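The next block holds one structure in the form of C-alpha coordinates; read it before the comments.
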Amino acid sequence: MAGRGVPFACLTAYDATTARWLERGGVHVLLVGDSAAQMVLGFDRTTDMPLDLAIALTAAVKRGAPRTLIMADMPFASYHESDEQAVRNAARFMTEGMADVVKLEADASFAPTVERMTRAGIPVCGHVGCRPQTVAVSGGYRIAGKTAEDARRVVADAVALERAGAVLLLIEAAPAEVTDAIMAATSVPLIGIGAGTACHGQVLVVQDLLGMTDSPPRFAEAVAQLGLATRDAASTWVRRVSERNIGGRRYVMDEGEAERLGIQSRPTTESGGEPSAREPMSRPTTSDEARRDE
Ligand code: KIV
(Lines give C-alpha, C1' and ligand atoms only; values in the text may rest on other atoms or scores of the structure.)
Protein backbone atom coordinates (compact mmCIF):
# COMPACT_ATOMS: atom_id res chain seq x y z
CA MET A 1 0.00 0.00 0.00
CA ALA A 2 2.85 2.35 0.82
CA GLY A 3 4.29 1.67 -2.63
CA ARG A 4 0.97 2.55 -4.23
CA GLY A 5 0.62 5.72 -2.15
CA VAL A 6 -2.45 4.34 -0.35
CA PRO A 7 -2.45 5.23 3.36
CA PHE A 8 -2.75 2.19 5.63
CA ALA A 9 -4.45 2.07 9.01
CA CYS A 10 -2.94 0.65 12.16
CA LEU A 11 -4.44 0.44 15.65
CA THR A 12 -3.25 -1.02 18.89
CA ALA A 13 -4.97 -4.19 20.12
CA TYR A 14 -4.36 -6.26 23.22
CA ASP A 15 -6.99 -9.01 23.12
CA ALA A 16 -8.52 -11.46 20.67
CA THR A 17 -12.09 -10.16 20.75
CA THR A 18 -11.18 -6.56 19.97
CA ALA A 19 -8.68 -7.74 17.35
CA ARG A 20 -11.43 -9.76 15.65
CA TRP A 21 -13.64 -6.69 15.31
CA LEU A 22 -10.77 -4.49 14.18
CA GLU A 23 -9.92 -7.02 11.46
CA ARG A 24 -13.58 -7.08 10.40
CA GLY A 25 -13.35 -3.28 10.18
CA GLY A 26 -10.48 -3.60 7.71
CA VAL A 27 -7.60 -2.32 9.84
CA HIS A 28 -4.37 -3.22 8.05
CA VAL A 29 -1.90 -3.55 10.95
CA LEU A 30 -2.52 -4.31 14.62
CA LEU A 31 0.13 -3.21 17.09
CA VAL A 32 0.29 -5.02 20.41
CA GLY A 33 1.81 -1.98 22.02
CA ASP A 34 3.55 -1.76 25.36
CA SER A 35 0.80 0.81 25.98
CA ALA A 36 -0.96 -2.34 27.25
CA ALA A 37 0.84 -1.51 30.51
CA GLN A 38 -1.46 1.52 30.72
CA MET A 39 -4.55 0.40 28.81
CA VAL A 40 -4.77 -3.15 30.17
CA LEU A 41 -2.77 -3.24 33.39
CA GLY A 42 -3.50 0.27 34.70
CA PHE A 43 0.11 1.42 35.16
CA ASP A 44 0.91 5.03 34.33
CA ARG A 45 3.96 4.27 32.17
CA THR A 46 4.81 1.76 29.47
CA THR A 47 8.02 0.59 31.17
CA ASP A 48 5.95 -1.63 33.45
CA MET A 49 4.96 -4.00 30.63
CA PRO A 50 6.01 -7.58 31.49
CA LEU A 51 7.66 -9.51 28.63
CA ASP A 52 5.81 -12.81 29.08
CA LEU A 53 2.44 -11.07 29.17
CA ALA A 54 3.32 -9.03 26.06
CA ILE A 55 4.06 -12.26 24.20
CA ALA A 56 0.83 -13.87 25.41
CA LEU A 57 -1.23 -10.82 24.35
CA THR A 58 0.45 -10.84 20.93
CA ALA A 59 -0.61 -14.45 20.39
CA ALA A 60 -4.14 -13.58 21.54
CA VAL A 61 -4.35 -10.74 19.00
CA LYS A 62 -3.06 -13.01 16.22
CA ARG A 63 -5.66 -15.64 17.11
CA GLY A 64 -8.36 -12.96 16.96
CA ALA A 65 -7.11 -11.42 13.70
CA PRO A 66 -5.29 -14.18 11.80
CA ARG A 67 -5.39 -12.35 8.45
CA THR A 68 -3.94 -9.07 9.75
CA LEU A 69 -0.29 -8.07 10.02
CA ILE A 70 0.56 -8.15 13.72
CA MET A 71 3.32 -5.98 15.09
CA ALA A 72 4.58 -6.67 18.61
CA ASP A 73 6.18 -4.01 20.78
CA MET A 74 9.29 -5.26 22.56
CA PRO A 75 8.95 -4.04 26.15
CA PHE A 76 11.40 -1.97 28.15
CA ALA A 77 14.61 -3.87 28.98
CA SER A 78 13.76 -6.80 26.69
CA TYR A 79 16.35 -5.81 24.02
CA HIS A 80 18.72 -3.39 25.76
CA GLU A 81 21.13 -5.77 27.51
CA SER A 82 22.73 -7.31 24.43
CA ASP A 83 22.06 -8.23 20.82
CA GLU A 84 21.70 -11.85 21.95
CA GLN A 85 18.95 -10.86 24.37
CA ALA A 86 17.21 -8.86 21.62
CA VAL A 87 17.30 -11.77 19.16
CA ARG A 88 16.18 -14.27 21.79
CA ASN A 89 13.19 -12.20 22.94
CA ALA A 90 12.22 -11.11 19.43
CA ALA A 91 12.26 -14.76 18.38
CA ARG A 92 9.84 -15.53 21.21
CA PHE A 93 7.49 -12.83 19.89
CA MET A 94 7.63 -14.48 16.46
CA THR A 95 7.23 -18.10 17.59
CA GLU A 96 5.15 -18.05 20.81
CA GLY A 97 3.51 -14.71 19.97
CA MET A 98 3.05 -15.36 16.23
CA ALA A 99 4.08 -11.74 15.50
CA ASP A 100 4.83 -10.71 11.93
CA VAL A 101 7.05 -7.75 12.89
CA VAL A 102 8.61 -6.58 16.15
CA LYS A 103 8.96 -2.93 17.08
CA LEU A 104 11.80 -1.40 19.07
CA GLU A 105 12.04 2.13 20.40
CA ALA A 106 15.48 3.00 19.12
CA ASP A 107 17.94 5.65 18.17
CA ALA A 108 20.92 5.23 15.84
CA SER A 109 22.92 3.48 18.56
CA PHE A 110 20.59 0.47 18.19
CA ALA A 111 21.57 -0.04 14.54
CA PRO A 112 23.88 -3.00 15.33
CA THR A 113 21.03 -4.66 17.27
CA VAL A 114 18.62 -4.18 14.37
CA GLU A 115 21.27 -5.53 11.99
CA ARG A 116 21.73 -8.62 14.12
CA MET A 117 17.98 -9.20 14.40
CA THR A 118 17.55 -8.73 10.65
CA ARG A 119 20.33 -11.27 9.99
CA ALA A 120 18.43 -13.68 12.21
CA GLY A 121 15.36 -13.23 9.98
CA ILE A 122 13.37 -10.97 12.30
CA PRO A 123 11.48 -8.12 10.60
CA VAL A 124 12.00 -4.97 12.69
CA CYS A 125 10.11 -1.69 12.92
CA GLY A 126 12.27 1.14 14.27
CA HIS A 127 10.29 3.51 16.52
CA VAL A 128 11.90 6.97 16.53
CA GLY A 129 10.97 10.44 17.78
CA CYS A 130 9.24 10.47 21.16
CA ARG A 131 10.20 7.19 22.85
CA PRO A 132 8.06 6.61 25.95
CA GLN A 133 10.40 3.89 27.28
CA THR A 134 13.06 6.55 27.88
CA VAL A 135 10.95 9.14 29.73
CA ALA A 136 12.73 8.45 33.02
CA VAL A 137 15.89 9.80 31.37
CA SER A 138 14.41 12.46 29.08
CA GLY A 139 12.24 13.86 31.86
CA GLY A 140 8.83 13.22 30.28
CA TYR A 141 6.94 12.79 27.04
CA ARG A 142 8.57 15.26 24.68
CA ILE A 143 7.71 16.34 21.16
CA ALA A 144 10.61 15.22 18.99
CA GLY A 145 12.30 17.50 16.46
CA LYS A 146 11.07 20.90 17.59
CA THR A 147 14.47 22.39 16.83
CA ALA A 148 16.48 21.90 13.65
CA GLU A 149 19.20 20.15 15.64
CA ASP A 150 16.78 17.71 17.25
CA ALA A 151 14.99 17.15 13.93
CA ARG A 152 18.33 16.28 12.29
CA ARG A 153 18.98 13.75 15.07
CA VAL A 154 15.57 12.08 14.64
CA VAL A 155 16.07 11.83 10.86
CA ALA A 156 19.56 10.38 11.43
CA ASP A 157 18.05 7.77 13.78
CA ALA A 158 15.53 6.75 11.12
CA VAL A 159 18.17 6.54 8.40
CA ALA A 160 20.51 4.47 10.58
CA LEU A 161 17.75 2.01 11.50
CA GLU A 162 16.68 1.61 7.88
CA ARG A 163 20.30 1.03 6.83
CA ALA A 164 20.56 -1.61 9.56
CA GLY A 165 17.63 -3.48 7.99
CA ALA A 166 14.43 -2.11 9.56
CA VAL A 167 11.51 -2.97 7.28
CA LEU A 168 9.24 -0.34 8.82
CA LEU A 169 9.71 2.91 10.70
CA LEU A 170 7.39 4.59 13.19
CA ILE A 171 7.60 8.23 14.25
CA GLU A 172 5.84 9.38 17.42
CA ALA A 173 4.94 12.96 18.37
CA ALA A 174 6.82 15.15 15.91
CA PRO A 175 6.00 18.17 13.73
CA ALA A 176 5.00 17.39 10.13
CA GLU A 177 8.29 18.80 8.82
CA VAL A 178 10.20 16.07 10.65
CA THR A 179 7.97 13.44 9.03
CA ASP A 180 8.62 15.02 5.62
CA ALA A 181 12.37 14.93 6.24
CA ILE A 182 12.27 11.26 7.28
CA MET A 183 10.19 10.35 4.23
CA ALA A 184 12.66 12.14 1.99
CA ALA A 185 15.63 10.37 3.55
CA THR A 186 14.25 6.81 3.84
CA SER A 187 12.36 4.38 1.61
CA VAL A 188 10.62 1.89 3.95
CA PRO A 189 7.00 2.56 5.00
CA LEU A 190 6.68 5.12 7.77
CA ILE A 191 3.86 4.87 10.34
CA GLY A 192 3.00 8.03 12.23
CA ILE A 193 1.34 8.79 15.54
CA GLY A 194 0.95 12.48 16.22
CA ALA A 195 3.32 13.20 13.34
CA GLY A 196 1.08 14.72 10.66
CA THR A 197 -0.78 13.21 7.75
CA ALA A 198 2.02 12.55 5.27
CA CYS A 199 3.13 9.19 6.73
CA HIS A 200 2.39 6.02 4.75
CA GLY A 201 0.35 4.67 7.67
CA GLN A 202 -1.27 6.02 10.83
CA VAL A 203 -1.58 4.41 14.23
CA LEU A 204 -3.62 5.27 17.32
CA VAL A 205 -4.14 3.62 20.66
CA VAL A 206 -7.50 1.94 20.11
CA GLN A 207 -8.98 3.19 23.40
CA ASP A 208 -8.29 6.78 22.26
CA LEU A 209 -10.13 6.12 18.99
CA LEU A 210 -13.05 4.52 20.80
CA GLY A 211 -13.49 7.31 23.34
CA MET A 212 -12.45 5.21 26.32
CA THR A 213 -9.55 7.26 27.70
CA ASP A 214 -10.07 10.21 30.05
CA SER A 215 -7.14 12.32 28.78
CA PRO A 216 -6.26 11.34 25.22
CA PRO A 217 -3.28 13.05 23.56
CA ARG A 218 -4.08 16.14 21.50
CA PHE A 219 -3.61 14.34 18.16
CA ALA A 220 -6.09 11.56 18.98
CA GLU A 221 -9.69 12.21 18.02
CA ALA A 222 -12.31 9.71 19.18
CA VAL A 223 -14.71 8.47 16.49
CA ALA A 224 -16.94 6.57 18.92
CA GLN A 225 -17.93 6.93 22.58
CA LEU A 226 -17.54 3.39 23.87
CA GLY A 227 -16.56 4.65 27.32
CA LEU A 228 -20.00 6.23 27.74
CA ALA A 229 -21.68 3.28 26.01
CA THR A 230 -19.93 0.86 28.40
CA ARG A 231 -20.95 2.94 31.43
CA ASP A 232 -24.57 3.02 30.24
CA ALA A 233 -24.58 -0.72 29.52
CA ALA A 234 -23.16 -1.35 33.02
CA SER A 235 -25.84 0.74 34.67
CA THR A 236 -28.54 -0.99 32.60
CA TRP A 237 -27.20 -4.33 33.85
CA VAL A 238 -27.19 -3.10 37.46
CA ARG A 239 -30.79 -2.01 37.09
CA ARG A 240 -31.89 -5.23 35.39
CA VAL A 241 -30.24 -7.38 38.05
CA SER A 242 -32.00 -5.39 40.76
CA GLU A 243 -35.30 -5.97 38.90
CA ARG A 244 -34.59 -9.72 38.40
CA ASN A 245 -34.90 -9.13 34.67
CA ILE A 246 -31.54 -10.37 33.42
CA GLY A 247 -32.48 -10.95 29.78
CA GLY A 248 -31.26 -13.91 27.70
CA ARG A 249 -32.77 -17.36 28.03
CA ARG A 250 -32.97 -19.82 30.91
CA TYR A 251 -31.93 -23.47 30.99
CA VAL A 252 -34.72 -25.88 31.76
CA MET A 253 -34.89 -29.42 33.11
CA ASP A 254 -36.02 -32.21 30.86
CA GLU A 255 -39.77 -32.81 30.75
CA GLY A 256 -41.08 -34.21 34.07
CA GLU A 257 -37.65 -34.18 35.82
CA ALA A 258 -38.50 -31.31 38.16
CA GLU A 259 -41.50 -33.28 39.43
CA ARG A 260 -39.30 -36.35 39.91
CA LEU A 261 -37.01 -34.15 42.00
CA GLY A 262 -40.01 -33.19 44.06
CA ILE A 263 -40.07 -29.53 43.09
CA GLN A 264 -42.40 -27.58 40.94
CA SER A 265 -41.28 -27.03 37.38
CA ARG A 266 -40.85 -23.41 36.35
CA PRO A 267 -42.82 -21.93 33.49
CA THR A 268 -40.83 -21.93 30.22
CA THR A 269 -40.98 -18.15 30.28
CA GLU A 270 -39.90 -15.98 33.18
CA SER A 271 -40.24 -12.33 33.94
CA GLY A 272 -40.26 -10.25 30.81
CA GLY A 273 -41.57 -13.19 28.76
CA GLU A 274 -38.06 -14.47 27.99
CA PRO A 275 -37.98 -17.77 26.10
CA SER A 276 -36.33 -20.82 27.66
CA ALA A 277 -33.15 -22.44 26.40
CA ARG A 278 -35.07 -25.46 25.09
CA GLU A 279 -35.71 -23.39 21.98
CA PRO A 280 -32.82 -23.39 19.51
CA MET A 281 -30.15 -20.80 20.29
CA SER A 282 -29.24 -18.26 17.65
CA ARG A 283 -26.10 -19.12 15.74
CA PRO A 284 -22.99 -17.67 17.38
CA THR A 285 -20.34 -15.91 15.32
CA THR A 286 -17.63 -18.29 14.10
CA SER A 287 -14.98 -17.40 16.64
CA ASP A 288 -17.43 -17.73 19.48
CA GLU A 289 -18.05 -21.41 18.53
CA ALA A 290 -16.38 -22.66 21.70
CA ARG A 291 -18.97 -20.89 23.81
CA ARG A 292 -21.88 -22.79 22.26
CA ASP A 293 -23.53 -24.82 24.94
CA GLU A 294 -26.36 -26.54 23.10
O1 KIV B 1 2.73 1.07 22.63
C2 KIV B 1 2.13 1.75 21.80
O3 KIV B 1 0.91 1.87 21.79
C4 KIV B 1 2.93 2.44 20.80
C5 KIV B 1 2.23 3.45 19.97
C6 KIV B 1 2.09 4.69 20.74
C7 KIV B 1 2.94 3.66 18.69
O8 KIV B 1 4.10 2.22 20.71
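The values are calculated or read from the model by the stated rules, or taken from the named source; none is laboratory data. Just so it is clear, the structure is predicted and the values come from calculations on it, not from any experiment. Positions of Cβ are generated from backbone atoms using ideal geometry, with glycine treated the same way; all protein chains shown enter the neighbour counts. Surface accessibility is based on the protein's heavy atoms, side chains included, excluding ligands, DNA and RNA. Shrake-Rupley method; radii C 1.70, N 1.55, O 1.52, S 1.80 Å.
GLY211 meets the conditions (1) open to solvent by 40 Å² or more (accessible area, probe 1.4 Å); (2) modelled with pLDDT of 95 or more in every case but one. The failed one is (1). Candidates in region 210-228 are the residues that are within 12 Å of the ligand (Cβ to nearest atom) and under 19 Å from VAL29 (Cβ atoms); of these, the one that is farthest from the chain's Cα centre (by Cα) is PHE219.
Counting the residues of region 42-56 that are of a type in the set (A, V, I, L, M) and in contact with an Asp or Glu (Cβ under 7 Å, 6 or more places away or on another chain) gives 3.
Any idea which residue in region 232-282 is modelled with the lowest pLDDT, counting only those that are assigned to a loop (DSSP other than H, G, I, E, B) and among the acidic types (Asp, Glu)?
Within region 232-282, the first condition is being assigned to a loop (DSSP other than H, G, I, E, B), and the residues that meet it are 243-249, 251-256, 261-269, 275, 277-282.
Subsequent filtering for residues that are among the acidic types (Asp, Glu) retains 243, 254-255, 279.
Numbers: GLU243: 98, ASP254: 95, GLU255: 94, GLU279: 45.
Among those residues, the one meeting the criterion is GLU279.
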